[in-house]
Amino acid sequence: MKYISTRGDQTLRGFSEILLEGLAPDGGLYLPVRYPHVDAAMLAAWRGLSYADLAFEILSLYIDDIPAEDLRMLVRKTYTAEVFGSAAIVPLKPLEPGLALEALSNGPTLAFKDMAMQLLGNLFEYELDRRGESLNILGATSGDTGSAAEHAMRGKRGVNVFMLSPHGRMSPFQQAQMFSLQDANIHNLAVEGVFDDCQDIVKAVSNDLAFKRRYRIGTVNSINWARLLAQVVYYFAGYFQATTTNDERVSFTVPSGNFGNVCAGHVARMMGLPIAQLVVATNENNVLEEFFRTGTYRVRGSAETWETSSPSMDISKASNFERFVFDLLGRDGARTQSLFGAALSRDGAFTLSADEFARVAGYGFVAGRSTHADRLATIQATWQAHGVLVDTHTADGLKVAREHRQDGIPMIVLETALPAKFEATITEALGDAVHAPRPAHLADLESRPKRFQVVPADTATVQRYIEAHVIL
Ligand SMILES: *Cc1c(COP(=O)(O)O)cnc(C)c1O
């Protein structure tokens, strides 16, 4: 399988080539030249496979430059009951007939990002080892992504992580998840500033091309194709658990921010998985809900980006959305460039033509929006009716899922985090008497020794720190 850019560059690249890269050189995102089709015989053969073996079957349709036995070793090493809490890896939790949660959040950092990041850690280590190279990952985080990346890369040969976070502004749980790591290759830099300062420093360092090349600086952001590919697997795994034959259809509701998770659902549907609807659930930051309602995609400024109680969905733009639009436009790279390159940088927005927008329905997408009051009500209702505690992001999904259920079609809501990560809102919804259960191995998390370095919000200081600690 070869990969091309969404903005018209037709250069064909292999999986290993794009694995360690972010954007394509023309500013687009990578996609496979075509989606492999999964036929009835393949679906039948895959039903009943272990999660790791299912992952191997799907990944091997997209990866032909890693020997099959190595790829199988990598997925088996990644998707284990020890790391993900159960042999099913992503067990379905039925709430009522036709409505279930798919548990994606039982990995090391209690959010679904572990599903892809854990594989990425093993793929990076393998590929760097094969090339005899090393990589210094630089990132900024306000919580979830940074901890998932650190837990995936800790102790990996050839990989160093420098993670910038706003000093004193993460929850005690999030801080402890990152700062308690004692691995020599993990560097936590607590920046005296806000998240935007951290992101500005990462951008400034990445724009210093000489520095970037000299110190082999890379990233692990959500546009990485391998992360998206890893997420395709759990749509198949959810489908097999919710159905008994391959003639049935299911729908998925996905709590969305950067459109990475639900874009993997789009890929699964393009491959032929019988998905009726892909329901995009947003919080108050409704960039995506607005698009699916109106055909206008409008990036928000920071003054219009709200801090909500489902913080991992607080986005001003949806960085993976371009992949879907490229498919929607019949893979017209010039048109995609005119929208995402030209129009967005000029106007901060674009509107599809009526013809283009009319095609969206054919891809199964619908959307809805959820607010803080909806989250509290959904957390309460789900606890009272089912005795199940959901986190704030999953609550957004459940609220929107209920608006889109169709007779005879099971609805699966992706559980993107565990409630233990968001205790304050659980208490706001349910009072002091109900506590989100925490996995036993994290009971003492906040009291563990912490390892981090406080630095001023200054690019040169961060560069000096990197110089002193890189591996080359
Ligand atoms: C990252 C995240 C999301 C949003 O996922 P996208 O792939 O950015 O759409 C939703 N919920 C949680 C808990 C997350 O960490």
Among the residues of segment 372-406, count how many are under 17 Å from residue 292 (Cα atoms) and more than 15 Å from the ligand (Cβ to nearest atom). 2
Which numbered condition residue 252 misses (of (1) part of a loop (DSSP other than H, G, I, E, B); (2) of a type outside the set (Val, Ile, Thr); (3) within 13 Å of the ligand (Cβ to nearest atom); (4) more than 24 Å from residue 345 (Cα to Cα)): (1)
Any idea which of (1) under 25 Å from the mean Cα position of the chain (by Cα); (2) within 24 Å of residue 112 (Cβ to Cβ) is the one residue 362 doesn't satisfy? (2)
Are any residues in segment 195-216 surrounded by 15 or more Cβ atoms within 10 Å (Cβ to Cβ) and either hydroxyl-bearing (Ser, Thr, Tyr) or within 22 Å of residue 315 (Cβ to Cβ) (or both), and if so, which ones? 195, 197, 198, 199, 200, 201, 202, 204, 206, 215
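For segment 319-371, please list each of the helices (runs of 4 or more DSSP H) lying entirely inside it that holds at least 1 residues being within 16 Å of the ligand (Cβ to nearest atom), within 19 Å of residue 266 (Cα to Cα) and not β-branched (Val, Ile, Thr).
Working: elements: 321-328, 333-336, 344-347, 354-358.
Helices (runs of 4 or more DSSP H) meeting the threshold: 321-328.
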Out of (1) within 12 Å of the ligand (Cβ to nearest atom); (2) at pLDDT 95 or above; (3) aliphatic (A, V, I, L, M), the one residue 313 does not meet is (2)
When (1) at pLDDT below 95; (2) over 20 Å from residue 224 (Cα atoms); (3) part of a helix (DSSP H, G or I) are applied to residue 308, the one that fails is (3)
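Taking residue 234, is it outside any loop (DSSP other than H, G, I, E, B), hydroxyl-bearing (Ser, Thr, Tyr), within 14 Å of the ligand (Cβ to nearest atom) and buried (at least 24 other Cβ atoms within 10 Å of the Cβ)? Break it down into steps so the answer makes sense when it comes.
Values: outside any loop (DSSP other than H, G, I, E, B): yes; hydroxyl-bearing (Ser, Thr, Tyr): yes; within 14 Å of the ligand (Cβ to nearest atom): yes; buried (at least 24 other Cβ atoms within 10 Å of the Cβ): yes.
Here the answer is yes, as residue 234 does meet what is asked.
Looking at residue 24, is it small (Gly, Ala, Ser), surrounded by 15 or more Cβ atoms within 10 Å (Cβ to Cβ) and under 18 Å from residue 120 (Cα atoms)?
Considered against the rule, which asks whether it is small (Gly, Ala, Ser), surrounded by 15 or more Cβ atoms within 10 Å (Cβ to Cβ) and under 18 Å from residue 120 (Cα atoms), residue 24 comes out as no.
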Of the conditions (1) within 16 Å of the ligand (Cβ to nearest atom); (2) in a loop (DSSP other than H, G, I, E, B); (3) charged (D, E, K, R), residue 247 clears all except one; give me its number. (1)
Restricting attention to segment 122-131, does a residue exist that is under 29 Å from residue 173 (Cα atoms), within 16 Å of the ligand (Cβ to nearest atom) and crowded, with 17+ Cβ neighbours inside 10 Å? no
Check residue 306 against each of (1) crowded, with 18+ Cβ neighbours inside 10 Å; (2) within 16 Å of the ligand (Cβ to nearest atom) and name the one condition it does not meet. (1)
Any residue in segment 297-313 that's closer than 29 Å to residue 426 by Cβ and among the β-branched types (Val, Ile, Thr): show its pairings with residues that are part of a loop (DSSP other than H, G, I, E, B) and within 15 Å of the ligand (Cβ to nearest atom) at Cβ separation under 8 Å, as long as the two are six or more apart or on different chains. 305/285; 305/314; 305/315; 305/316; 308/283; 308/284; 308/285; 308/314
Give the residues of segment 424-450 that are in contact with a helix residue (DSSP H, G or I) (Cβ under 6 Å, 6 or more places away or on another chain) and among the basic types (Lys, Arg), sorted by residue number. 438, 450
Do we find that residue 163 is within 16 Å of the ligand (Cβ to nearest atom), touching a strand residue (DSSP E or B) at 6+ places or on another chain (Cβ under 7 Å) and within 26 Å of residue 457 (Cβ to Cβ) in this structure? yes
Within segment 447-460, the count of residues that are loosely packed, with under 15 Cβ neighbours inside 10 Å and either in a helix (DSSP H, G or I) or without any contact (Cβ under 8 Å) to a residue 60 or more places away in the chain (or both) comes to 2
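Working only within segment 140-151, note down all residues that are within 14 Å of the ligand (Cβ to nearest atom) and touching a residue at least 60 places away in the same chain (Cβ under 8 Å). Don't jump to the end; show me each part of the working.
Residues of segment 140-151 that are within 14 Å of the ligand (Cβ to nearest atom), as a first pass: 141-149, 151.
Within segment 140-151, 142, 143, 144, 145, 149 meet the criteria.
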Need the failing condition index for residue 137 against (1) part of a strand (DSSP E or B); (2) more than 21 Å from the chain's Cα centre (by Cα); (3) of a type outside the set (D, E, K, R), just the number. (2)
Does residue 278 satisfy being within 16 Å of the ligand (Cβ to nearest atom), hydrophobic (A, V, I, L, M, F, W, C), closer than 30 Å to residue 39 by Cα and part of a helix (DSSP H, G or I)? no
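Can you pull out the residues in segment 1-25 that are part of a loop (DSSP other than H, G, I, E, B), aliphatic (A, V, I, L, M) and under 20 Å from residue 324 (Cβ atoms)?
Start the filter on segment 1-25 by keeping residues that are part of a loop (DSSP other than H, G, I, E, B), which leaves 1-2, 6-12, 14, 20-25.
Now drop any that are not aliphatic (A, V, I, L, M), which leaves 1, 12, 20, 23-24.
1, 23, 24 - these are the residues of segment 1-25 that are part of a loop (DSSP other than H, G, I, E, B), aliphatic (A, V, I, L, M) and under 20 Å from residue 324 (Cβ atoms).
Let's see how each residue does on (1) in contact (Cβ under 8 Å) with a residue 24 or more places away in the chain; (2) small (Gly, Ala, Ser); (3) in a helix (DSSP H, G or I):
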residue	(1), (2), (3)
396	yes, no, yes
401	yes, yes, yes
412	yes, no, no
422	yes, no, yes
426	yes, no, yes
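The values are calculated or read from the model by the stated rules, or taken from the named source; none is laboratory data. Bear in mind the structure is a predicted one, so any value in this text is a computation, not a measurement. Using ideal geometry, Cβ is built from the backbone for each residue, glycine included, and neighbour counts are taken over all protein chains shown.
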